[in-house]
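Chemist: Next up is a structure, given as structure tokens.
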Amino acid sequence: MLTPATSSTQTFRVDQLRVHLFKNRQELGVSAAQAVAGKIRELHQTQEVVHIIFASAPSQNEFLDALAQEADLAWNRIRAFHMDEYMGLPADAPQSFGQYLKRQLFDKVPIQEVFYLDGNAADLRQEGLRYSALLDQYPTDIVCMGIGENCHIAFNDPHVADFNDPHLVKIVRLDLTSRQQQVHDGCFDTLEQVPEYALTLTIPALVRAPYLCCMVPAAHKAEAIYHTLTDAISETYPATILRTHPNATLFIDQNSARKFLEETTSP
């Protein structure tokens with residue numbers, strides 16, 4: 001279990017999913033970073049290297065900033081992966097998810113090794129197999145993730161989500177909501193600039209990790225949090241799979257929890 005080091009305003013469970021509610025996204029990010037850092041230190045007591053998958057999105061900003069500032073974290077004993085990448089963007093494009101993680105975290109810490117997905121590989125199916133082999137070679141310990149506006153995790157949008165996907169990495173066509181979210185987040189100026197295709201880790205690749213830490217702040221995620229916590233567990237709302245995981249923790253704030261709180265506390 002990932003236990004935050006600072007007190008949340010409320011803690012509860014939905015099925016197996018542990019939920020921590022905070023006043024704002026700054027408190028959420030700091031507490032999530034403390035929880036992840038604590039788990040890394042715990043794992044380092046029994047294993048040489050910890051393997052972590054990171055999400056790339058503005059929702060992760062406060063968490064990643066705080067994680068980079070965690071004192072005495074043995075980054076030289078951490079290998080990192082990221083969970084998705086656009087196809088066809090220039091390698092140095094600021095919207096690249098690999099570039100985002102370099103800016104937000106990897107350039108700030110002395111990490112042992114980072115494995116990047118290449119959205120410009122000559123053979124993208126072969127690239128998926130290469131990354132899948134690395135995930136098998138270095139089994140994931142912790143996944144640090146978010147939830148999209150349509151409840152996607154990584155780029156497993158509802159129309160391509162598969163709880164029993166036989167692959168670890170696959171090529172997907174992004175749905176309109178996912179692409180619009182990239183504009184809402186300020187990553188692109190217009191919808192036309194957002195790539196239509198991406199490489200993504202699949203849902204089984206994410207949930208097979210022993211520990212999941214999911215950070216979801218902000219009002220535009222209120223619908224997604226509501227569906228994640230209240231709807232039937234199905235690919236219609238992919239993030240509902242988190243409620244089946246024995247060691248998943250969801251960090252939300254008053255804004256992202258608004259609809260859930262309104263609907264579940266009203267007379």
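The values are calculated or read from the model by the stated rules, or taken from the named source; none is laboratory data. What you are looking at is a predicted structure, and each value in this text was computed from that prediction instead of being measured. Here Cβ is always computed from backbone atoms with ideal geometry, including for glycine, and neighbour counts include all displayed protein chains. When the accessible area is computed, the model is the full protein with side chains, heavy atoms only, and any ligands, DNA or RNA have been set aside. Shrake-Rupley method; radii C 1.70, N 1.55, O 1.52, S 1.80 Å.
Chemist: Hey, any idea what % of the chain's accessible area is carbon plus sulfur with a 1.4 Å probe?
Modeler: On the chain, the fraction of accessible area on carbon and sulfur atoms equals 47 percent.
Chemist: At 7 Å along the Cα-to-beta-carbon direction for both ARG41 and LYS102, put a label point, then send me their distance in nm to one decimal.
Modeler: Those two pseudo-labels are separated by 3.1 nm.
Chemist: Determine which lysines satisfy two conditions relative to LYS259: a Cα distance under 22 Å, and not lying fewer than 8 residues away in the same chain.
Modeler: Output for LYS259: LYS23, LYS221.
Chemist: Quick check on the chain: of the DSSP beta bridges with both residues there, what percent are antiparallel, nearest 5%?
Modeler: Antiparallel bridges make up about 35 percent of those DSSP assigns within the chain.
Chemist: Just name one of HIS159, GLY148, LEU28: the one whose Cα is farthest towards the positive end of the charge dipole of segment 20-258 (beta-carbon charges, Lys/Arg +1, Asp/Glu -1).
Modeler: Of the candidates, LEU28 comes out farthest on the positive side.
Chemist: Where does the chain land at 222 nm, in deg cm²/dmol rounded to the nearest 500, when only DSSP H runs of n ≥ 4 count, each adding -39500 (n - 2.57), divided by all residues?
Modeler: -8500 deg cm²/dmol
Chemist: Would you indicate which of (1) 53; (2) 40; (3) 47 is the value of percent of Cα pairs over 25 Å apart derived from the coordinates of this structure?
Modeler: After the calculation, the listed value that fits is (2).
Chemist: Now, a different point. In a GNM of the chain with a 10 Å cut-off on Cα contacts, which of LYS108, LYS39, LYS221 has the highest mean-square fluctuation?
Modeler: The residue with the greatest mean-square fluctuation here is LYS108.
Chemist: How large is the dipole of segment 40-144 about the Cα centre if only Lys and Arg carry +1 and Asp and Glu carry -1, each at its Cβ, rounded to the nearest 20 debye?
Modeler: The dipole of segment 40-144 has a size of about 80 debye.
Chemist: Only sites in a loop by DSSP and with at most 15 other Cβ atoms within 10 Å count here; which GluC sites (Glu not before Pro) in segment 187-252 make the cut?
Modeler: Answer by residue number: GLU196.
Chemist: Where does segment 188-259 land on Rg/Rh, using Cα atoms and the Kirkwood Rh?
Modeler: Rg divided by Rh gives 1.01.
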